[in-house]
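Heads up, the thing below is written out as structure tokens.
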Amino acid sequence: MSSRGKSSKVSGFYKMPVEKRVEFVKNFSDLTDEETRIFSSSLDIKTADKMIENVLGTFELPLGVSVNFLVNCKDYLVPMAIEESSVVAAASNAAKIARINGGFTAKCTNPLMIGQLQILNAADIAGAAQNIMDHKKEILLLANAQDKILVDLGGGAKDLEVRILDSPLGKMIVTHLIVDVRDAMGANAVNTMCEAVAPMLEEITGGKVRLKILSNLADRRLVKAKAVFEKEKMGGEHVVDAFLESYTLASVDPYRAATHNKGIMNGIDALIIATGNDFRAIEAGAHAYAARSGQYTSLTTYHKDKNGNLVGEIELPLAVGIVGGAASMHPKARLCRKILGVTTAKELAEVVASLGLAQNFAALFALSTVGIQKGHMSLHAKNIAVMAGAKGNQIDKVAEQLIKEKKIKLDRAKEILAEIR
């Protein structure tokens, strides 16, 4: 049961009319009537014009909610902005199976981000690197002078690292400024600090600072999530074995791992977008982390426990925030955070990782049993029906016939529609 005293467990949510779904979410998240109206509103053009350049309008994505999520003993409804069919339903079903054995457990490290300063043309590379470390205290003090609010909140520049890299330009020094960004994604704070300390590093090293920017490989900001999926709900231990056979290919083959991890990001990106975070930064960090060993591999691992149940785990960097940027400006992003009920970036990251694991489990479960297309079949058929010109009740009738015939093609949809009319 959630800290709100309400459960996210619900059956047949997808069968409810939209109005009933909104009512369920409204009650779960204590939304006002004004807030619920945001679901059917668009981003106003004045706000959009402040967010990016050369604005012409806005582009909408379907916004749904995944149910049944229990993470660290707390219930969540998980908002997801995505255009791909079956993803939201699949995550909800995975969460329902995980829930039997206590749901997801997740843990996030401190929100440490890395700012990089590239130093070129130092006459004495080794000596310059040592000089940087000798002036570590002064560098950190200067960095922290840039954001006293962050420091007062317990964040700020915490450490310094120096690396010497070989390159086609010769040896270069790369200094890492390690910054605790608290509840922000952190790009603005880190970049500001890097720019502020660059002149000091030039003076210390006698070199030239070229790049001074945050790294999206946030491997100091890792999140782990774990769940036990009940074998009987999966169809028995033989299905667990089939699942593990499917997973093994992703663990050894980058061609499969790329698609495998894309399934993880289906869920993660949908929540990242819904909460106004930077899904491109998350994608970059996740895929770089998947290749950290020198070969691209799965972000998840699976094994069978002593009872024959499936145990799934995920680990990846997640640079997410609940303050700043679109997370603060976009009304639907603010609404989605209220639905989710997270109070820290750490908590958000733990839900995000749990959703990624759920999405990956759902995809592999389908691939190991009925195949991935069955889950997509219904909505795909409806899309084809609409493309054929069907309206209202005609859409379901055409879609049902297409599925029955196992021939989901536009020309056949037009024929069926003509027969109905």
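Cβ-Cβ contacts under 9 Å between residues 6 or more apart (or on different chains), taken from a first residue in the range 203-222 that is in the same structural domain as Leu117 (by TED's automatic domain parsing) to a second residue that is assigned to a loop (DSSP other than H, G, I, E, B) and among the aromatic types (Phe, Trp, Tyr), are absent.
Being over 24 Å from the mean Cα position of the chain (by Cα), modelled with pLDDT under 85 and outside any helix (DSSP H, G or I) narrows it down to one residue among Lys374, Lys407, Lys391; which is it?
Lys407 is the lone residue from the list that is over 24 Å from the mean Cα position of the chain (by Cα), modelled with pLDDT under 85 and outside any helix (DSSP H, G or I).
Looking only at the range 280-287, decide whether some residue is charged (D, E, K, R), more than 27 Å from Phe39 (Cβ to Cβ) and assigned by TED's automatic domain parsing to the domain that holds Glu84. Scanning the range 280-287 turns up no residue that is charged (D, E, K, R), more than 27 Å from Phe39 (Cβ to Cβ) and assigned by TED's automatic domain parsing to the domain that holds Glu84. Filtering Leu56, Leu63, Leu70 for residues that are on the phi < 0 side of the Ramachandran plot, more than 22 Å from the chain's Cα centre (by Cα) and of a type in the set (A, V, I, L, M, F, W, C) leaves a single hit, Leu56. Counting only strands (runs of 3 or more DSSP E) that sit wholly inside the range 69-168, those with at least 2 residues that are farther than 23 Å from Ile339 by Cβ and of a type in the set (Gly, Ala, Ser) are 156-165. Inclusion of Glu315 among residues that are in contact with a Cys (Cβ under 9 Å, 6 or more places away or on another chain) and not hydrophobic (A, V, I, L, M, F, W, C) is not warranted. Find all pairs meeting these conditions: Cβ atoms under 9 angstrom apart; at least six residues apart or on different chains; first residue within the range 247-273 and outside the structural domain of Ala349 (by TED's automatic domain parsing); second residue assigned to a helix (DSSP H, G or I) and polar (S, T, N, Q). If the second residue must be assigned to a helix (DSSP H, G or I) and polar (S, T, N, Q), no pairs are left. The selection criterion, being touching a residue at least 12 places away in the same chain (Cβ under 8 Å), in the same structural domain as Leu357 (by TED's automatic domain parsing) and more than 23 Å from Leu357 (Cβ to Cβ), holds for Arg21. Could you grab me the full set of residues in the range 202-222 that are among the hydrophobic types (A, V, I, L, M, F, W, C) and out of contact with any Gly (no Cβ under 9 Å at 6 or more places or on another chain)? Within the range 202-222, Ile204, Val209, Leu211, Leu222 meet the criteria. For the list (1) closer than 14 Å to Gln359 by Cα; (2) in contact with a Pro (Cβ under 9 Å, 6 or more places away or on another chain), I need the number of the one condition that Asp269 fails. The failed condition is (2).
If the condition is being within 21 Å of Lys6 (Cα to Cα) and free of Cβ contacts under 8 Å to residues at least 24 places away in the same chain, then the range 25-51 contributes Lys26, Asn27, Thr32, Asp33, Thr36.
The values are calculated or read from the model by the stated rules, or taken from the named source; none is laboratory data. Source: prediction; values computed, not measured. Every residue, glycine among them, receives a Cβ derived from its backbone with ideal geometry; neighbour counts consider all protein chains shown.
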